[in-house]
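The values are calculated or read from the model by the stated rules, or taken from the named source; none is laboratory data. Owing to the predicted nature of the structure, the values given are computational and were not obtained by experimental measurement. Reconstructed Cβ throughout: ideal geometry from the backbone, glycine too, with neighbour counts over all protein chains shown.
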Amino acid sequence: MPTQLTADDARQSLTAHVAAKGLELYQKYGPTIGWAELLRILEDRAFVRYSCEIVFDAKPLLPGEFAHPSMKADRPGEGFILHVHPHFFAQLDCVPWLVLYQLVALNYGEFASADDAETFGAAALGLTRDEYYTELCKLADELAVTG
């Protein structure tokens with residue numbers, strides 16, 4: 001009789017998968033991922049499951065939130081808008097750091113965790129999770145200063 005997979009097995013499998021996809025993204029678009037590379041990544045269905053456009057708009061964001069994806073319509077296949085706080089419009093080279101974190105939610109939905117997002121973003125940028133997390137916190141802290 002086959003062994004039943006547990007929720008923990010599924011979580012570990014997703015974490016391993018996002019780490020592998022992040023490394024694959026780094027190998028294809030790295031070592032430096034800036035604005036131009038990000039735009040190409042968003043068109044690459046190997047890494048971004050659904051069409052996605054970036055809009056610099058804070059209205060749909062929660063206080064302190066730097067970015068968040070939302071579906072354009074009722075089904076994910078109709079695409080997403082990735083809302084990025086307008087504070088970062090003047091720092092386009094930082095935007096990939098924010099967007100890579102959100103791509104896990106866009107690609108895997110609610111099953112993906114913050115740990116998965118950090119794992120993916122870190123691998124995609126060639127960093128450790130701690131290095132990536134520290135930089136994300138610095139960027140998020142900018143919003144607390146600017147309001």
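Of all the residues that make up the stretch 36-45, how many are surrounded by fewer than 18 Cβ atoms within 10 Å (Cβ to Cβ) and either closer than 14 Å to PHE120 by Cα or touching an Asp or Glu at 6+ places or on another chain (Cβ under 6 Å) (or both)?
Number of matching residues: 0.
Scanning the stretch 1-21 for residues that are of a type in the set (A, V, I, L, M, F, W, C) and exposed (fewer than 15 other Cβ atoms within 10 Å of the Cβ), which turns out farthest from GLN102 (Cα to Cα)?
Keep residues of the stretch 1-21 that are of a type in the set (A, V, I, L, M, F, W, C), which gives 1, 5, 7, 10, 14, 16, 18-20.
Then drop every residue that is not exposed (fewer than 15 other Cβ atoms within 10 Å of the Cβ), which leaves 1, 5, 7, 10, 16, 20.
Numbers: MET1: 39, LEU5: 27, ALA7: 22, ALA10: 20, ALA16: 17, ALA20: 17 Å.
Once the filter is applied, the top-ranked residue is MET1.
Quick check: anything in the stretch 76-98 among the polar types (S, T, N, Q) and either part of a loop (DSSP other than H, G, I, E, B) or out of contact with any strand residue (DSSP E or B) (no Cβ under 8 Å at 6 or more places or on another chain) (or both)? Spell out how you get there, then give the answer.
Here is the first cut: in the stretch 76-98, the ones among the polar types (S, T, N, Q) are 91.
Add one more test, that the residue is either part of a loop (DSSP other than H, G, I, E, B) or out of contact with any strand residue (DSSP E or B) (no Cβ under 8 Å at 6 or more places or on another chain) (or both), and what stays is 91.
Yes, there is a match, as at least one residue in the stretch 76-98 is among the polar types (S, T, N, Q) and either part of a loop (DSSP other than H, G, I, E, B) or out of contact with any strand residue (DSSP E or B) (no Cβ under 8 Å at 6 or more places or on another chain) (or both).
Tell me which residues, restricted to the stretch 27-75, are within 23 Å of ALA112 (Cα to Cα), polar (S, T, N, Q) and assigned to a loop (DSSP other than H, G, I, E, B).
SER51, the sole residue that qualifies.
So if I check each of ARG75, ARG11, ARG40, which one is more than 22 Å from THR134 (Cα to Cα), of a type in the set (D, E, K, R) and touching a residue at least 60 places away in the same chain (Cβ under 8 Å)? Before you say what the answer is, go through the steps one by one.
On the way: ARG75 fails: touching a residue at least 60 places away in the same chain (Cβ under 8 Å); ARG40 fails: touching a residue at least 60 places away in the same chain (Cβ under 8 Å).
When all the criteria are applied, what remains is ARG11.
Of (1) farther than 22 Å from ASP141 by Cβ; (2) crowded, with 16+ Cβ neighbours inside 10 Å; (3) at pLDDT 95 or above; (4) not hydrophobic (A, V, I, L, M, F, W, C), GLU24 satisfies all except one. Which?
(2)
For ASP74, indicate whether it is acidic (Asp, Glu), surrounded by fewer than 21 Cβ atoms within 10 Å (Cβ to Cβ), within 13 Å of THR15 (Cα to Cα) and over 11 Å from the mean Cα position of the chain (by Cα).
Details: acidic (Asp, Glu): yes; surrounded by fewer than 21 Cβ atoms within 10 Å (Cβ to Cβ): yes; within 13 Å of THR15 (Cα to Cα): no; over 11 Å from the mean Cα position of the chain (by Cα): yes.
So ASP74 fails the test.
Which members of the stretch 51-67 meet the condition of being surrounded by fewer than 17 Cβ atoms within 10 Å (Cβ to Cβ) and not aliphatic (A, V, I, L, M)?
Selection gives SER51, GLU53, PHE56, ASP57, LYS59, PRO60, PRO63, GLY64, GLU65.
Among the residues of the stretch 68-77, is there at least one that is modelled with pLDDT of 95 or more and among the charged types (D, E, K, R)?
No, that holds for no residue.
Among the residues of the stretch 89-147 satisfying the criterion of being of a type in the set (Phe, Trp, Tyr) and over 14 Å from PHE66 (Cβ atoms), which is surrounded by the fewest Cβ atoms within 10 Å (Cβ to Cβ)?
First, pick out the residues of the stretch 89-147 that are of a type in the set (Phe, Trp, Tyr): 89, 97, 101, 108, 111, 120, 132-133.
With the extra rule that they be over 14 Å from PHE66 (Cβ atoms), the set shrinks to 108, 111, 120.
Working: TYR108: 17, PHE111: 12, PHE120: 29.
The qualifying residue surrounded by the fewest Cβ atoms within 10 Å (Cβ to Cβ) is PHE111.
Considering only the stretch 72-106, state which residues are farther than 20 Å from TYR29 by Cβ and in contact with a Phe, Trp or Tyr (Cβ under 6 Å, 6 or more places away or on another chain).
Of everything in the stretch 72-106, those that are farther than 20 Å from TYR29 by Cβ and in contact with a Phe, Trp or Tyr (Cβ under 6 Å, 6 or more places away or on another chain) turn out to be PRO76, GLY79, HIS85, PRO86, PHE89.
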